[in-house]
Each structure stands twice: as C-alpha cells, then as structure tokens.
Amino acid sequence: DGGITQSPKYLFRKEGQNVTLSCEQNLNHDAMYWYRQDPGQGLRLIYYSQIVNDFQKGDIAEGYSVSREKKESFPLTVTSAQKNPTAFYLCASSPDYSSYEQYFGPGTRLTVT
Amino acid sequence: GQNIDQPTEMTATEGAIVQINCTYQTSGFNGLFWYQQHAGEAPTFLSYNVLDGLEEKGRFSSFLSRSKGYSYLLLKELQMKDSASYLCAVRVPSNDYKLSFGAGTTVTVRA
C-alpha cells in the first residue's frame, strides 16, 4: 500500500531535549512538507522540500531543523530552542511542488514537559 | 501575509444541510481546497476549486467566487460521521505554491 507513515503516534520528551519525528513516503513524490497544528489554529508550515537534497523554511521554522537526503524521507528535529514544542505534527507530500493535492500522514502528537 | 477566515464552530442536526463559509485575502490565487479532519487524525482532501462556480461531489459541494474572495463548502444530508473539523486552504503561486490554511470550522452533528 502506498502512503505516508509517521512514527510514533505519540511522543513524550523532557524539556531541553531534541527530538526527531520521522516521515516516510512510498508514493515517489518529490515534494514533502511539515506542518504544526495547535488547538483552534490552522496548519502552519514549518519546512518544505520541493526535491531531494533541498529544503526551504516555512512560516514558523525557528527551533526546527530538517534534512532531505533521500526522496522518501523527510525527518523533522524539534530542538530545545523551540519555545512551545507541544503540538500535533503533520507530514505531507505531493507529486511535485505545483501539484494541487497534498497527502497527509497520520500525524505525531508531541508532548514536552 | 495570507488571510483566510472561517467560522470557528457550527452545529447542525442529522439529515440537515450546513454551509461553511471561507473568505480569503491572499497575494495571488491558484486554487482553494477543502479538507476534512477528524479529531487526532490527518486531514483528508474533499474538494478543489480553481474556477468560479459550484463543484458537486456526492453529498458535498464547494463553491468559489474569485472576485469576492469567497468560498463555501455545503454538506447535505448530514450524518453523525460528518462531525469533524473542515479546513479551508488557499494555494498562492507567488508563495512557491504553498498552502495557507484557515483555522478550521468544527462541525458538530446532533441526532
């Protein structure tokens, strides 16, 4: 089955620790995205990658980092510099950056205490 | 920046019709999307409008007026499973075709 996987579904970390969220897709899509969702707010774009080995900052990139070394993988690291890391994180992909539909993974709920 | 507004909450009765409005002010336009998101789950694509008019897909319809910066999603014959958040998103070509999302409208369907 083709799709996007994010693991784990729930993640707990202590304040001050970096944590990496995984995102893998087997759809052969060029473009991948990371969004953050907070209660009562829409999805906000953290980082995006239009093609392997390239990525761009989104609207709220501070305190986050990404890599895109393989086409199918786009991991997100939430660093200790991110002031409010507790949120629901969604990864998405699309065939290319101009494609009209984005396909979303199941999300990871990160709780930092 | 991009500005996309939609109501926060709506409540309707099973079998009824609900219309969710979305207004947008963006620096360019290359399509408007509606997604459905059940609590704690990923958004799923519902519809895409790039030209003015109504697009119908089963019980769901979406309308777009580009001159008014306005869209609505119409849900007919509401079912309990339609209780979810509905997200309006606009794609802006000058912004690398990125999607800008509204805050979402939570629809509660009551028996």
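What follows is calculated from the coordinates using simple rules that are stated; it is not laboratory data. Everything numeric here is computed off the predicted structure, so don't read it as measured data. No Cβ is skipped: glycine too gets one built from the backbone with ideal geometry, and neighbour counts run over all protein chains shown.
Rounded to the nearest whole angstrom, the semi-axes of the ellipsoid equivalent to chain A, taken from the Cα gyration tensor as √(5λ), stand at 22, 14, 13, largest first.
Shielding value for A:102-111 is 3, the average number of Cβ atoms from other chains within 10 Å of each residue's Cβ. For the stretch B:1-60, applying the loop criterion from DSSP together with a ceiling of 15 other beta carbons within 10 Å to the GluC sites (Glu not before Pro) yields B:GLU14, B:GLU41. Across the stretch B:69-86, rounded Karplus estimates of 3J(HN,Hα) from the backbone phi angles (6.51 cos²θ - 1.76 cosθ + 1.60, θ = phi - 60°) give x, 9, 9, 9, 10, 10, 10, 9, 6, 3, 10, 4, 5, 7, 5, 5, 9, 10 Hz, Gly and Pro being marked x. Note on chain B: percent of Cα-Cα distances in each 10 Å bin, starting at 0 and stopping at the bin with the largest distance, equals 15, 49, 29, 6, 0. In this rough spin-label picture, where each label sits 7 Å from Cα along the Cβ direction, the B:LEU46-B:SER27 distance is 2.9 nm.
Dividing the alpha-carbon radius of gyration of the stretch B:1-62 by the rule-of-thumb value 2.2 N^0.38 Å gives 1.25. The amide H of A:GLY42, built 1.01 Å from its N in the peptide plane, has B:ALA103 as neighbours under 5 Å, considering only residues 5 or more places off or on other chains. Average projection, convex hull of the Cα set of the protein assembly as shown: 12.3 square nanometres. With the simple model of a label 7 Å out from the Cα in the direction of the Cβ, B:TYR70 to B:GLU55 spans 2.0 nm. Here the contact order of chain B, divided by its residue count and restricted to Cα pairs under 8 Å and six or more residues apart, works out to 37 percent.
Excluding the site residues themselves, the longest part of chain A lacking any trypsin sites (Lys or Arg not before Pro) in a DSSP loop with at most 13 other Cβ atoms within 10 Å is A:15-82.
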